[in-house]
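What follows is a single structure, written as structure tokens, with notes after it.
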There are 2 protein chains.
Amino acid sequence: MDKVKVIEIKKSVFADNEQDADLLRKELKEKGVFLLNLMSSPGSGKTTTLIQTINRLKDKIRVSVMEADIDSDVDAIKIKEATGIESIQLHTGGMCHLDAEMTRQGLDNLTLADTDLAILENVGNLVCPAEFDTGSCKNAMILSVPEGHDKPLKYPLMFSICDVVVINKIDVMPYFDFDLEKCTEYIHMRNPKATVIPICAKTGEGVDVFAQWLLEQVNDWKNN
Amino acid sequence: MDKVKVIEIKKSVFADNEQDADLLRKELKEKGVFLLNLMSSPGSGKTTTLIQTINRLKDKIRVSVMEADIDSDVDAIKIKEATGIESIQLHTGGMCHLDAEMTRQGLDNLTLADTDLAILENVGNLVCPAEFDTGSCKNAMILSVPEGHDKPLKYPLMFSICDVVVINKIDVMPYFDFDLEKCTEYIHMRNPKATVIPICAKTGEGVDVFAQWLLEQVNDWKNN
């Protein structure tokens, strides 16, 4: 099995995370690196979605990944093995989210000179990560069908800060009471501008649409 | 639609939550109330599991429920409508967990004199609720099949503090790569004493076993 770099993230000392996040975005702009912050509940399929998406993008742009987890490095290894791109593991040591300074600690361990798109897979949690700006250029989240279409009602902040909501595991829709139309309506109650993309990461269905959306964000950001 | 009492939970001022949790357990013991703290990811089926379980227990013991959520009161209403028991909603106002003092604020709004078993449905989150003792007599968690059998590796603390792990949505096992044996092994790595109970809350399969486990805990606690 491949080895990956594992970074033990230290707690931030900065008082003003908003300010630090803006600073990080500025630094990333200068380096020509687009940062995507990907969030979701545990087990919604973040890693599988990333693998499918990266394999569609890696010939067009240079992608690196940071996998945040409380413990274990299985996700970073999975990404590296399945895509061949640079993938590192961030250990949060029990912390339930990443802020801008913690994200910077991860970025410092990536080869940014060879990166157009850096993806942060945040800790699996719909509550705390939504409260901390990581310095990302865009926020994405994955909601999987088994979790239910009512989640935007229960986790309002998460849905309000995301630019795109990927609805994963649509292949199992027949076995769950999941109403995609109602879910989209609830998401737009929280954030009228959010893009909603239904996919099945396991089969690859719909992943082209998400990959295309992401590529456009990276290009728009580089050219503006 | 039924109305339910909604309590806006205030942030705790106590410095020592461990001590306060022990105090709450003592208070509950004196009142003859057993408190169960039920945790899980968003969308794992906590509310459906509770409805099925309560309907099996309510003729044997008196049950009350506190539904903690960041926002919305849909769960407390669902429980009340489906079981007829006392059910109140706790709003955490964005907070990602409950501690002992916050739990006490909820308990103060239940009719404890008519309660043998009070159930706290904690905020949907596998990280933060695990760090705060609520004063409960036992901790339970639900892991649903679509989340994957590797979750005990990724959220070690949650699995180590739970007395029982209910594996929900076993009806969809054929559509997911979920290895029940491996999952049980991982759970026991974290906590060798944890009871593992596979169920399907939708069809009721296995719920008798969980209801029986819970009834035994309540009786043991009352008699010791």
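Got at least one residue in segment A:69-78 being crowded, with 24+ Cβ neighbours inside 10 Å and either outside any helix (DSSP H, G or I) or free of Cβ contacts under 8 Å to residues at least 40 places away in the same chain (or both)?
no
Pull up segment A:55-78, narrow it to residues that are more than 16 Å from the chain's Cα centre (by Cα) and acidic (Asp, Glu), then point me to the one that is nearest to the other protein chains (Cβ to nearest Cβ).
A:Asp71
Which of the residues spanning segment A:193-222 are of a type in the set (S, T, N, Q) and more than 24 Å from A:Arg62 (Cβ to Cβ)?
Correct list: A:Thr203 only.
Would you be able to tell me the number of residues in segment A:1-54 that are over 23 Å from A:Ala130 (Cβ atoms) and open to solvent by 80 Å² or more (accessible area, probe 1.4 Å)?
Number of matching residues: 7.
Would a scan of segment B:10-17 turn up a residue that is part of a helix (DSSP H, G or I), over 13 Å from B:Ile79 (Cβ atoms) and in contact (Cβ under 8 Å) with a residue 12 or more places away in the chain?
Checked against the condition, which is being part of a helix (DSSP H, G or I), over 13 Å from B:Ile79 (Cβ atoms) and in contact (Cβ under 8 Å) with a residue 12 or more places away in the chain, segment B:10-17 yields at least one hit.
Here's a check for you: in segment B:165-184, which residue that is among the β-branched types (Val, Ile, Thr) and closer than 20 Å to B:Gln52 by Cβ is farthest from the chain's Cα centre (by Cα)?
That would be B:Val172.
Could you identify the single residue in B:Leu90, B:Leu38, B:Leu107 that is of a type in the set (A, V, I, L, M) and within 14 Å of another protein chain (Cβ to nearest Cβ)?
Of B:Leu90, B:Leu38, B:Leu107, the one residue that is of a type in the set (A, V, I, L, M) and within 14 Å of another protein chain (Cβ to nearest Cβ) is B:Leu90.
State which residue is farthest from the other protein chains (Cβ to nearest Cβ) when the search covers only segment B:93-104 and only residues that are open to solvent by 10 Å² or more (accessible area, probe 1.4 Å) and part of a loop (DSSP other than H, G, I, E, B).
Here the answer is B:Asp99.
Can you name every one of the helices (runs of 4 or more DSSP H) wholly within segment A:114-223 that holds 3 or more residues which are open to solvent by less than 50 Å² (accessible area, probe 1.4 Å), touching a Lys or Arg at 6+ places or on another chain (Cβ under 7 Å) and of a type outside the set (Phe, Trp, Tyr)?
The qualifying helices (runs of 4 or more DSSP H) are A:207-223.
The values are calculated or read from the model by the stated rules, or taken from the named source; none is laboratory data. Here the structure is a predicted model, which means the values were calculated and not measured. Backbone-built Cβ (ideal geometry, glycine too); neighbour counts: all protein chains shown. Just the protein is used for accessible areas: all its heavy atoms, side chains included, with ligands, DNA and RNA removed. Shrake-Rupley method; radii C 1.70, N 1.55, O 1.52, S 1.80 Å.
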